[in-house]
Amino acid sequence: MNYQTISATAIALVVLAGSALTCTAEDAKESTHDGTIVSITSTELVMKGKDDKEHTHTLAKSAKMTLDGKDCKADDLNAGLKIRATTKTGDVKAATHVEAISKNAMFANTHEGKFVSATSSKLVMTGDDGKEHSHTITDDTKVTCDKKDCKASDLKSGTKIRVTTKKSDEKAVTCIEAIVKDGDFAQQI
């Protein structure tokens, strides 16, 4: 038996596992901020958030920008457009992704449908097409019922929900909004 081959394979597996853990840890640090553009240049984004206050973000050199799902440049984005800025939790001033919408009704990583079931780590829902699909729930997943904090276990089958997922992982849920009594979701801006 060749111990050098085994050692090289073991090292490769450890490096691969470490890379996967680092990627997962980085994904967990992703956070989003919804609002509208006040001004944007190739290096800076000024936006008005849901709280109606202006926030300034530095655009990372590698920041990805999209308009209605298509790649674009800062010059293509105008004041007043609805946006979702993605930042790293450790540096909420540095935007790594700016998604703008003008024609689309929702951001790309937002899904609406009906609640089917949930465990501590899994959400099952039906989409607009009536087909069931599942998402991963984490300890950081924010859940609201009629715009008030609640738990996924509070939701009833058939409840209308809007799910927001991470850009880097469409299965990982960051937010579940449920409508139980109120007639509409919180306005998405």
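The values are calculated or read from the model by the stated rules, or taken from the named source; none is laboratory data. Keep in mind the model is a prediction, meaning the values are calculated, not measured. Cβ atoms come from the backbone with ideal geometry, glycine included; neighbour counts cover every protein chain shown.
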Report summary line: For region 47-90 the number of residues that are modelled with pLDDT of 85 or more, in a loop (DSSP other than H, G, I, E, B) and more than 20 Å from Ala105 (Cβ to Cβ) is 4
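Just give me the residues in region 91-143 being in a loop (DSSP other than H, G, I, E, B) and in contact (Cβ under 8 Å) with a residue 40 or more places away in the chain, in sequence order.
Initially, region 91-143 is screened for residues in a loop (DSSP other than H, G, I, E, B), giving 102-109, 119-121, 128-131, 137-141.
Hits for region 91-143 are Met106, Phe107, Ala108, Asn109, Thr138, Asp140.
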**Report entry** Residue list for region 109-136, restricted to those being within 18 Å of the chain's Cα centre (by Cα) and within 28 Å of Leu67 (Cα to Cα)
**Finding:** Asn109, Thr110, His111, Glu112, Gly113, Met125, Gly127, His133, Ser134, His135, Thr136
Report task. Note down all Cβ pairs under 9 Å where the first residue falls in region 64-81 and is basic (Lys, Arg), the second is surrounded by fewer than 12 Cβ atoms within 10 Å (Cβ to Cβ) and part of a strand (DSSP E or B), and they're at least six residues apart or on different chains. Result -> Lys64/Asp71
